[in-house]
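A short worksheet on the structure shown next.
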Amino acid sequence: MTKDLTEIWQGDSVPEGNRVSNVERFSGFEDTYDRHRPEAPEEVVTLLTGYLSRRPSLVVDLGCGTGLSSFVWKDAADRIIGVEPNDDMRGKALAKLQSLTEQGADGHAQSGAITFVSGYSNQLGLPDGAADIITCSQSFHWMEPASTLKEAARVLREEGVFAAYDCDWPPSLTWRIEHAYHELIRLADDIIDRRVNPEDQAYKGDKNEHLKHIRESGLFRFFKEIVFHHVEPFTADRYTGLAVSQGAIQTVFKLNQPELREKMASFQAMVKEYFQERTLPLMLSYRMRIGIK
């Protein structure tokens, strides 16, 4: 392939099957998202490279956000392309990439291997059979599944790997705090239902149907679900910040609804009391659904 992949990238317009509300849901809180969300764990690289059975020459990360799921591949693949339609989120990823470049020779090598582009999961301007691995980290539920899988299968090489993976929110801690976390999300969803016109709301698919979509697409010779765990350090601020980073919470904050802010203050106090200024190792539970072309 003589032409650089980024030179043939297309997709400035919004292709059919994508909702502008899904893209704009993440506008304006890229810093909060990047600070509190977990990076993709190394287990992702280990598992997917194992199924590929060799070092990938190209990994395409769909809905890459601020790059938390892209940079994990920097030493494990020859090329990485992060695809993100939201300008704010992609801008944060590019800023982090620039920071790598400014670190020196090693940073330059890494930045040359990673590219972040504007695009949509069902309209990739890549040639047939260009990618070894295509990933969707915390993002497949925002995409139109049938057209995304069709496009992924087109771009994947023979025996290439498609993987949609998510972690369960929130990290395991105590049932009271986790219950309060879910109550926050339910309240935010309820406010959105009451305050935002249905046609302007983001649409989120059911994560539990990811494997079903892969299986029923008929595009993959092998498919399965893999469950694993990853431990990360959390402070009270990070645990609370993870809740704040959820799209529904941010949408309601933009609506300036005091009802949610009062509930959030109560949640923050509960979390702060539990942590007592400690940093605790907390378990994140991941579910990965894969398909082999």
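The values are calculated or read from the model by the stated rules, or taken from the named source; none is laboratory data. Note that the coordinates shown come from a computational prediction; the quantities given were computed from them, not determined experimentally. All Cβ positions, even for glycine, are placed from backbone atoms using ideal geometry, and neighbour counts span all protein chains on display. Quick note on the areas: whole protein, heavy atoms, side chains included, nothing else; ligands and nucleic acids left out. Shrake-Rupley method; radii C 1.70, N 1.55, O 1.52, S 1.80 Å.
Worth pointing out:
- Restricting ALA248, ALA236 to residues that are of a type in the set (A, V, I, L, M), over 20 Å from the mean Cα position of the chain (by Cα) and on the phi < 0 side of the Ramachandran plot narrows the list to ALA236.
- Which numbered condition LEU149 misses (of (1) hydrophobic (A, V, I, L, M, F, W, C); (2) modelled with pLDDT of 95 or more; (3) out of contact with any helix residue (DSSP H, G or I) (no Cβ under 9 Å at 6 or more places or on another chain)): (3)
- Within region 1-69, helices (runs of 4 or more DSSP H) holding 2 or more residues that are open to solvent by 70 Å² or more (accessible area, probe 1.4 Å) and modelled with pLDDT of 70 or more: 30-36, 42-52
- Only one of the numbered conditions (1) open to solvent by less than 80 Å² (accessible area, probe 1.4 Å); (2) over 30 Å from ILE133 (Cα atoms); (3) among the β-branched types (Val, Ile, Thr) is violated by THR279, and that is (1).
- ALA180 falls short on exactly one of the conditions (1) hydrophobic (A, V, I, L, M, F, W, C); (2) under 30 Å from PRO233 (Cβ atoms); (3) crowded, with 21+ Cβ neighbours inside 10 Å, and that condition is (3).
- The set of residues in region 123-137 that are open to solvent by 20 Å² or more (accessible area, probe 1.4 Å) and at pLDDT below 95 contains only GLN123.
- Residue in region 146-160 that is part of a loop (DSSP other than H, G, I, E, B), closer than 29 Å to PRO56 by Cβ and out of contact with any Lys or Arg (no Cβ under 8 Å at 6 or more places or on another chain) present: no
- Members of region 188-204 found to be open to solvent by less than 90 Å² (accessible area, probe 1.4 Å) and at pLDDT 90 or above, listed by number: ALA188, ASP189, ASP190, ILE191, ILE192
- Residues (within 22 Å of ARG186 (Cβ to Cβ) and either touching a residue at least 60 places away in the same chain (Cβ under 8 Å) or among the β-branched types (Val, Ile, Thr) (or both)) located in region 258-281: GLU259, LEU260, LYS263, MET264, SER266, PHE267, MET270, VAL271, TYR274
- Some residue of region 226-244 being open to solvent by 70 Å² or more (accessible area, probe 1.4 Å), modelled with pLDDT of 95 or more, outside any loop (DSSP other than H, G, I, E, B) and in contact with a helix residue (DSSP H, G or I) (Cβ under 7 Å, 6 or more places away or on another chain): no
- Odd one out for GLU178 among (1) touching a residue at least 12 places away in the same chain (Cβ under 8 Å); (2) in contact with a Ser or Thr (Cβ under 9 Å, 6 or more places away or on another chain): (1)
- Residue in region 210-220 that is free of Cβ contacts under 8 Å to residues at least 24 places away in the same chain and within 20 Å of the chain's Cα centre (by Cα) present: yes
- Failed item, numbered, when SER172 is tested on (1) touching a Leu at 6+ places or on another chain (Cβ under 9 Å); (2) crowded, with 23+ Cβ neighbours inside 10 Å; (3) closer than 24 Å to LEU47 by Cα: (2)
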